[in-house]
Amino acid sequence: MRFLFNQHKEPIDLAEVNPNMTVLQWLRRNKHTGTKEGCAAGDCGACTAVIGELATIKGKKVIEYKSINTCISLVLNLNGKHLITVEGISEGNRLHPVQSAMVRANGSQCGFCTPGFVMSLFALYHNENEIDLDKINEALSGNLCRCTGYQPIIDAAFLIFETKDSDNNDYFSNNKSQLVQSLVRINEDEPEQFSYTSNDKKVTYDAPTDVNVLAKTLYKYQDAKIVSGCTDLGLEITQQLQQFGHIINVQNVHEMKSIHENDSLIEIGAAVSYHSAWTLLVRSFPELEPLLKRFASRPIRNWATIGGNIANASPIGDMPPALIALNATLKLRRGDNVREVRLQDFFISYKKTVLLKGEFIKSITIPKLVKGESFTVHKISRRYEDDISAVCMAIKLVNDGPNLKEAVIALGGMAEIPKRATMLEKTVTKYWNKRDIAKRSYESLKEDFCPLDDVRASSEYRLQVSANLIKKTLLNRINKKVPNLAEPIEN
Ligand SMILES: Cc1cc2nc3c(=O)[nH]c(=O)nc-3n(C[C@H](O)[C@H](O)[C@H](O)COP(=O)(O)OP(=O)(O)OC[C@H]3O[C@@H](n4cnc5c(N)ncnc54)[C@H](O)[C@@H]3O)c2cc1C
Ligand code: FES
Ligand code: FES
């Protein structure tokens, strides 16, 4: 198992490691303590580092730099990649441009969060040539600071780009081609499957690159735990202190990392990350963009996959309601058998799905909208950014000319699984455009769901807000005709 580390000339070769070990644990046990542990849950960003990963763009090998929460990523997933931490970006006494900008802008006080901010800004420095506030906010969306406040850090981000043209000479830019060659070398003997068993023979880790090898391995070891972006599974390790005996990583499987599109549908490999799927999803479904922006934070979106979001079967996962309303289907594979299941039939009960032992999600197919169809999605959470939904509602409306023919409505946060609201769908179809639509929706929602009271919202709030979201959707649709929303709705 080999990876590049900071500015070390030779790759690190890990001889003995527990496959359940996180990158953060490995760093700190090896005295690379610049990277901090705050929450160990992907929430605070103190542990942020950057991964350089080989990619091919227009036939040319390049390195993509992505921020990552090291507290919830597995050290064996570094195989073939470049791990860059706060200790590895300055050269001798010369601070990295990001670090000097933080000093000049007074971007640090107690300093605990600073390595994480510096690394998020380092990724931004390598990914952008021009900057604006939106890009800065996005890059810093996974970092919390409790004492400096954000303005000096944002000022630092602007400062970096004021001088970037003349300053664009950090170690990683100056040694770009050598670093690409090094990564090519450590990846060139890439087998169909990288496998590792700990010295005590207690834990095995497999990372196939070929989907047939994945199918075979998972069929043989049916109790193995699948990991993809590790943004859910990582919490089981760090928060619930679970240790898995056999881990199978699907995030290097080429076929599951690809996206296919034609005029009528998009097929997204289950191991495609939210960040990689973003452009294509938003091109076909612009209404998804606000939801994607509010999905976790940039370091989580860099790694979290749509397949993982579905397989996790959380009642409050953001993508399932949207995909159910869009009538998405899943390709599930077990051994040589592939079956298709509509997403709305995938969830059985709390955290239970139709997936059999040894079976995995290979891809997700989403039909594109056709003439007369429109789509919208609403996320309600206590905090606007980086928060899990209290309620997530997705609505597809099918119109026949000016008349509403059908409403497909799916909700998360209202039951033990994400699911369609069948009574509400009937009510909306029948009473759409009526003045009392919110009241009628509320009554139907009570028939569809009996939501929980929990820390995110009370049962009553969930019902009321969902009914109001129906009205909001209606108002948004007629907004062009009725600019003043206070005006009465036509009956
Ligand atoms: C700080 C933070 C914020 C978050 N915010 C949000 C949010 O706003 N909205 C939201 O919906 N979620 C959120 N999440 C949850 C998580 O990021 C998503 O559910 C994510 O999409 C999971 O994908 P993953 O690839 O990381 O899954 P993993 O953690 O790798 O796996 C999750 C589960 O799915 C299984 N699995 C993964 N891939 C497959 C496959 N192909 N076939 C079968 N089983 C598979 C694994 O065995 C595991 O049980 C957040 C998580 C964190 C830590
Ligand atoms: S320690 Fe808080 S995100 Fe990793
Ligand atoms: S400088 Fe103290 S938490 Fe950010």
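Computed over the stretch 334-388, the percent of Cα pairs more than 18 Å apart is 60. Ignoring lysines fewer than eight residues from LYS379 along the same chain, the ones with Cα atoms less than 21 angstrom from its Cα are LYS293, LYS351, LYS396, LYS419, LYS439, LYS446, LYS471, LYS472. Shape analysis of the stretch 354-471 places it in the oblate category; the axes a ≥ b ≥ c from the Cα gyration tensor give an a/c of at least 1.5, with a/b not above b/c. Converting phi to 3J(HN,Hα) with the Karplus coefficients 6.51, -1.76 and 1.60 and the offset θ = phi - 60°, the stretch 381-389 yields 9, 5, 10, 5, 9, 6, 9, 7, 5 Hz in sequence order, with x at every glycine or proline.
Against the main long axis of the alpha-carbon atoms of the chain, helix 274-284 sits at an angle near 40°. Against the main long axis of the alpha-carbon atoms of the chain, helix 437-448 sits at an angle near 70°. For GLU373, the residues 5 or more places off, or on other chains, whose built amide H falls under 5 Å of its own are ASN399. Distances between placed amide hydrogens fall under 5 Å for ASP387 paired with ALA296, all partners being 5 or more residues away or on another chain. Note on the stretch 193-249: with charges restricted to the Cβ of Lys and Arg (+1) and Asp and Glu (-1), its dipole about the Cα centre is near 180 debye. Between amide H atoms placed 1.01 Å from N, distances below 5 Å from SER90 occur with HIS96, all of them 5 or more places distant or on a separate chain.
Of the trypsin sites (Lys or Arg not before Pro) found in the stretch 317-394, those in coil by DSSP whose Cβ has at most 13 other Cβ atoms within 10 Å are LYS351, LYS357, LYS371, ARG382, ARG383. Considering only beta bridges that DSSP places wholly inside the chain, some 90 percent are antiparallel.
Computed from backbone phi with θ = phi - 60° and the Karplus coefficients 6.51, -1.76 and 1.60, the 3J(HN,Hα) list for the stretch 111-116 is x, 5, 7, 4, x, x Hz; x is used for glycine and proline. The phi-based Karplus calculation (6.51 cos²θ - 1.76 cosθ + 1.60; θ = phi - 60°) puts the 3J(HN,Hα) values of the stretch 145-158 at 10, 9, 10, 6, x, 8, 4, x, 6, 5, 4, 4, 4, 5 Hz, whole numbers, x for Gly and Pro. To test your reading of the geometry: what angle, between 0 and 90 degrees and rounded to tens, separates the Cα axis of helix 211-220 from the longest principal axis of the chain? For helix 211-220, the angle is close to 90 degrees.
Since every read-out is calculated from the coordinates, none of them should be taken as a lab result. Predicted model, so just to flag it, every value in this text is computed and none were measured. Note: ideal-geometry Cβ built from the backbone for every residue, glycine included; neighbour counts use all protein chains shown.
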